[in-house]
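I have placed the structure first, in the form of structure tokens, so that the comments after it can refer back to it.
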Amino acid sequence: MQFLAWFLAFVFVVDTVAAANGLTLSKGPRDTLAIPRWLYLTTGGATIGASALLASFVTDRTFVRNLHSWSRALPTIKQWWRPIMWLGRGLGVGMLILAIYLGFTGPELPTASFTILLAFAGLRAGLPIATYLIGNVWPILNPWRTIATVLPAGFREYPHWLHRWPAVAGLLVLVWVEVIFPVSTVPTVLAMGIVLYSTITIAGAVLFGPPSWFDNADPLSVLFRLYGVVAPIQRHNGALRITLPGSELQNSDVVSDTSDVAFIIALIWELTYSGFITTSAGATTIETLVGIVSFGIVAIETRAIVVYTILFFCGYTVFLGAYWYAGRVSRRSTGTYVTAQTIAFQFAPPLLAIAAGYHLAHYAGLFVSLSPALTMALTAPLSPPANPLVLSVPSWFEGLSIAAVLIGHLLAIWVAHAAAYDVFSSRLVAIRSQYPFVVVMVGYTVISLWILSLPGATPPYLP
């Protein structure tokens, strides 16, 4: 049966199947898109602008409200919920233990390493895709939360003034570590990182209590919670309901603090940054800046780390600043009594649709190519194959990446349109309030499509 599944994948999805002897995973080079750059950049930006214009003609508040409130109850699983919960918890803890153990004792080949495949093909690529396309199961699978629930916890009250800022810092640090250190190619380095992350996470959950820590400070929990808002399957009052994708993004509870906005922008920026440094333009930029930045006797690798770090945090600051500036422009252009912060909070959740589109564009190919190796690692973690299969995705996946980016932006445009009608009583003001954010979204679109158009390259100077 397994052979038949891979055979069908080979025939319908894959161009070639190759035995891999090394892979940099998220840093892998890409092929150049066979589409004129000016054409699809202009088309992509115009598509977002035109969709915003068309959405402005939908002024029936009742229609918009009914569309976003539509839902259907799914078959109840109440009698199965506890067994499913305990099965998921056990599976999550078991995967964590195996990942640490096999990271130190398993094979060094990345595509044969259970630890690397689980972390990058599973947790980095596959599970987020399943989260925003189907629903969020991370609260059940989260091994650190399972461990923390059986330990004495809650010795200190979580400082509410911190809100989600620890999660923002944690996400940025995780992405920085992924870029700078060879966690995607050396299993022992990744295993040490998992041990460190586990120590910090469990200690924080024990100190402040699992609910407070995982709702506010744990970057992975916040990431999956926010991606889960995009999904069509939602859990309300213990019951599962199917909704239109993105309907929950209009919920005012999604973003309640500046740190939530910062986290959402971080999701968009980290995918943009990771995509850029794996292109020829990104590699050239890094090499040029490393040549300019000279610290005398400092090794070139150290200078490169400084350049990568400065680009990462400066770019994030620009993305975040552009969004907040759009909120201020929106308030000035409408002359409303609503504060710029309130406007920014209301228009931030739609950006999660953009983040989901970016993630799908960057990681769908990785997940498909590593799916055979991941399946083999999960089914036989203690006896990995000496020559694991890695699929080479077909050229039409490039078109899928473009479609994912555009669909994410189109969904964001529509949800932002609906959110504007929740904030403003005047239809004209509601429409005008969206213009600055549409400009920002068009900018995000053009940047992302431009990155997808560039030939791939391996980031220079990194191990």
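The values are calculated or read from the model by the stated rules, or taken from the named source; none is laboratory data. Model, not experiment: these values are computed from the prediction. Here Cβ is always computed from backbone atoms with ideal geometry, including for glycine, and neighbour counts include all displayed protein chains.
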Q. Residues of segment 413-440 being among the small types (Gly, Ala, Ser) and either in a helix (DSSP H, G or I) or crowded, with 20+ Cβ neighbours inside 10 Å (or both), which ones?
A. Ala416, Ala418, Ala419, Ala420, Ala430, Ser433
Q. Hey, Gln250 hits all of (1) closer than 20 Å to Glu178 by Cβ; (2) surrounded by 15 or more Cβ atoms within 10 Å (Cβ to Cβ); (3) of a type in the set (S, T, N, Q) but one; which does it fall short on?
A. (1)
Q: Go through segment 148-166 residue by residue and tally those that are more than 17 Å from Pro219 (Cα to Cα) and among the aliphatic types (A, V, I, L, M).
A: 3
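Given Ser184, Ser198, which one is among the hydroxyl-bearing types (Ser, Thr, Tyr) and modelled with pLDDT under 95? Please lay out each step first, then the result.
Numbers: Ser198 fails: modelled with pLDDT under 95.
Just a single option satisfies the conditions, and that option is Ser184.
Just give me the residues in segment 360-396 being assigned to a loop (DSSP other than H, G, I, E, B) and small (Gly, Ala, Ser), in sequence order. Write out each step before concluding.
The initial filter retains those residues of segment 360-396 that are assigned to a loop (DSSP other than H, G, I, E, B), namely 380-388, 393-396.
If the condition is that a residue be assigned to a loop (DSSP other than H, G, I, E, B) and small (Gly, Ala, Ser), then Ala380, Ser383, Ala386, Ser395 are the ones that fit.
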Q: Would you mind finding the one in Gly357, Gly399, Gly408, Gly443 that is in contact with a helix residue (DSSP H, G or I) (Cβ under 9 Å, 6 or more places away or on another chain), surrounded by fewer than 17 Cβ atoms within 10 Å (Cβ to Cβ), part of a helix (DSSP H, G or I) and not β-branched (Val, Ile, Thr)?
A: Gly443
Q | All positions within segment 321-354 that are of a type in the set (S, T, N, Q) and surrounded by fewer than 17 Cβ atoms within 10 Å (Cβ to Cβ) | A | Ser333, Thr339, Gln341, Thr342
Q | In segment 326-343, the residues that are of a type in the set (S, T, N, Q), part of a helix (DSSP H, G or I) and more than 31 Å from the chain's Cα centre (by Cα) | A | Ser333, Thr334
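Okay, residues lined up against (1) in contact with a strand residue (DSSP E or B) (Cβ under 9 Å, 6 or more places away or on another chain); (2) at pLDDT below 95:
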| site | (1), (2) |
| --- | --- |
| Arg72 | yes, yes |
| Gln79 | no, yes |
| Ile97 | no, no |
| Pro110 | no, yes |
| Thr146 | no, no |
| Pro152 | no, yes |
| Trp161 | no, yes |
| Leu172 | no, no |
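I'd like to check which helices (runs of 4 or more DSSP H) are fully inside segment 78-173 and have at least 1 residues that are surrounded by fewer than 22 Cβ atoms within 10 Å (Cβ to Cβ) and free of Cβ contacts under 8 Å to residues at least 12 places away in the same chain. Walk me through it before giving the result.
Working: elements: 78-105, 127-133, 138-141, 143-149.
In segment 78-173, the matching helices (runs of 4 or more DSSP H) lie at 78-105, 127-133.
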Q) helices (runs of 4 or more DSSP H) wholly in segment 187-274 with at least 2 residues that are under 19 Å from His409 (Cα atoms) and touching a residue at least 24 places away in the same chain (Cβ under 8 Å) - which ones? A) 219-230
